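For reference, the structure discussed in these notes is given below.
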Amino acid sequence: MQTVRIALGARTYPIHVGSGLLVRADLVAPVLPHRRAAIVTNDTVAPLYLEPLAAALGAARIESVRIVVPDGEDHKSWQTLNTVFDALVRERCDRQTAIVALGGGVIGDLAGFAAATYQRGVPFVQVPTTLLAQVDSSVGGKTAINHPRGKNMIGAFHQPVLVLADTETLATLPERELRAGLAEVIKHGAIRDAAFFDWLEANVDRLRARDPESLAHAVRRSVEIKAEVVALDERETGLRAVLNFGHTFGHAIETGLGFGTWLHGEAVAAGMAMAADLSARLGLLDSRSADRLRRLLQQAGLPIAGPRLHADRYVELMAIDKKVQAGRARFILLERLGSAVIRSDVPPEALRGTLADATAG
C-alpha cells in the first residue's frame with residue numbers, strides 16, 4: 001500500500017493505493033465518527049463488491065446500510081439523488097452516519113453530493129472501483145449531479161475523509177472503461193509532468209494489459225499530481241482549472257450527444273486532442289508535441305476526434321461550461337507537454353477552425 005495525503009489543513013486526508021484495500025476495514029474505522037455507514041453503489045458494482053465491503057465493515061463492528069441505484073451517467077440526476085435521500089431518511093441515518101461511495105465516478109459524484117447536502121453535511125468515504133475514479137474523480141472533493149443542459153452543473157465541494165483505491169477492482173473493469181480511465185491518466189502527464197507523459201508513452205501497452213505494477217504506478221502518480229494541484233487551489237479559483245484540460249470540449253460532447261452515449265473519458269480524450277489542436281493554432285504548442293499527444297491517445301484506444309456536432313452547437317454548449325467567467329469561455333491549453341495555461345482570449349476563428357478540423361462524422 002502507498003499513501004498520498006492531500007494537504008488541506010484540518011481537512012487533510014489520506015488516499016491509499018494498493019491491492020486488497022476494499023476489505024481493509026481497519027483503514028476505515030478510525031475516520032468514522034460513529035460505527036455506522038451507508039454504502040451507496042450501483043447495480044453493476046453491487047454484485048461484485050458490496051458484500052465483501054459490508055462483511056469487512058461488519059467484522060469491524062461497523063453497521064452498514066446498503067443503497068443500490070441504477071448504473072450509468074444518465075442516472076446522475078435529481079431523481080436518483082432523491083432515491084438516496086429516501087433511503088437515508090428511511091434508515092434513520094443521522095449526521096454521524098458516514099456515506100461510503102462504492103463505484104466509479106458517477107457513484108462518487110452522486111454519493112458525495114448526497115453527503116454534502118444530507119442534514120447539511122455528513123462524513124464521506126470514497127472507495128473507487130474504476131480507473132477513472134481512482135486517478136481523478138475520487139480525489140479533490142468535487143461532487144455533483146448533471147443538469148439536462150450541462151454536465152455537473154449542480155453540486156458542491158465536499159472533501160472525503162478517506163479514499164481507498166483498491167487496484168484489484170480494475171481486474172473486473174470492462175475494457176472500454178479501462179481505456180476511458182487512461183484518458184485522465186494521460187491528462188495528468190500532459191498538464192503537469194512531462195516525465196510521466198514519457199513514461200506513459202513507454203508503458204501504455206502494459207497499462208492496457210492491466211499489468212499490476214504499471215497500473216499501481218499510474219494511479220499513484222496521477223493522485224500525487226491531482227493532490228498537489230488541489231492543495232494549492234481547493235475551490236478552483238485559478239490553478240485547479242488546469243485539471244479540466246480537455247473537459248470544455250469533452251463536456252460539450254457528453255451533453256450534446258446525451259449523457260452516457262460516450263463515456264466521460266472518451267469525451268475527454270477527444271477534447272484533449274481538440275485542445276491540443278487549438279493550442280497549436282494559437283502558436284502555444286509545437287506540432288510535434290500535439291502529434292505525440294494524439295498518438296498516445298490512439299495507442300490507449302481512445303478517440304482523437306469529436307463527433308460532428310454543428311460548430312454553433314459546440315459553442316452554445318461550451319458557453320454553459322462552469323469555467324465561463326463574465327460571459328467568456330476559458331480554455332485549458334498546452335504551452336508544452338507538462339505545462340498547461342488558462343486562456344480566455346481565444347479568437348472565434350481559431351476555435352471554429354479546430355471545430356471544423358478536429359471533429360468527425
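Quick notes on this one:
- The sole residue among 98, 59, 116 that is closer than 28 Å to residue 135 by Cβ and surrounded by fewer than 23 Cβ atoms within 10 Å (Cβ to Cβ) is 116.
- Residue 111 meets the stated requirement of being more than 20 Å from residue 178 (Cα to Cα), buried (at least 21 other Cβ atoms within 10 Å of the Cβ) and out of contact with any helix residue (DSSP H, G or I) (no Cβ under 6 Å at 6 or more places or on another chain).
- Looking only at residues in the stretch 70-95 that are surrounded by 14 or more Cβ atoms within 10 Å (Cβ to Cβ) and of a type in the set (A, V, I, L, M, F, W, C), the one that is nearest to the chain's Cα centre (by Cα) is 81.
- Condition check for residue 315: part of a loop (DSSP other than H, G, I, E, B), surrounded by 14 or more Cβ atoms within 10 Å (Cβ to Cβ) and out of contact with any Gly (no Cβ under 7 Å at 6 or more places or on another chain): no
- Enumeration of residues in the stretch 76-117 that are polar (S, T, N, Q) and touching a residue at least 12 places away in the same chain (Cβ under 8 Å): 77, 80, 83, 96, 97, 117
- Subset of the stretch 321-338 [at pLDDT 85 or above and buried (at least 16 other Cβ atoms within 10 Å of the Cβ)]: 330, 331, 332, 333, 334, 335, 337, 338
- Unique match (being buried (at least 17 other Cβ atoms within 10 Å of the Cβ) and farther than 21 Å from residue 233 by Cα) among 193, 166: 166
- Residues in the stretch 149-167 that are assigned to a loop (DSSP other than H, G, I, E, B) and over 17 Å from residue 267 (Cα atoms): 158, 159, 160, 161.
- Under the condition of being more than 19 Å from residue 161 (Cα to Cα), in contact with a Lys or Arg (Cβ under 7 Å, 6 or more places away or on another chain) and without any contact (Cβ under 8 Å) to a residue 40 or more places away in the chain, the residues counted in the stretch 30-60 number 0.
- For the stretch 291-304, the tally of residues that are touching a helix residue (DSSP H, G or I) at 6+ places or on another chain (Cβ under 6 Å) and either touching a residue at least 24 places away in the same chain (Cβ under 8 Å) or within 19 Å of residue 261 (Cα to Cα) (or both) stands at 9.
- Residue check, residue 254 crowded, with 23+ Cβ neighbours inside 10 Å and either among the β-branched types (Val, Ile, Thr) or touching a Ser or Thr at 6+ places or on another chain (Cβ under 9 Å) (or both): yes
- Test: residue 150 is under 15 Å from the mean Cα position of the chain (by Cα) and closer than 30 Å to residue 257 by Cα: no
- The single condition among (1) touching a residue at least 60 places away in the same chain (Cβ under 8 Å); (2) more than 14 Å from the chain's Cα centre (by Cα) that residue 183 does not satisfy is (2).
- The listed residue being β-branched (Val, Ile, Thr), touching an Asp or Glu at 6+ places or on another chain (Cβ under 8 Å) and touching a residue at least 12 places away in the same chain (Cβ under 8 Å), out of 167, 143: 143
- Residue count, the stretch 291-300 (criterion: of a type in the set (A, V, I, L, M, F, W, C) and closer than 20 Å to residue 252 by Cβ): 2
The values are calculated or read from the model by the stated rules, or taken from the named source; none is laboratory data. Every value quoted in this text rests on a predicted model; they were computed, and no experiment measured them. So basically every Cβ, Gly included, is an ideal-geometry build from the backbone, and we count neighbours across all protein chains shown.
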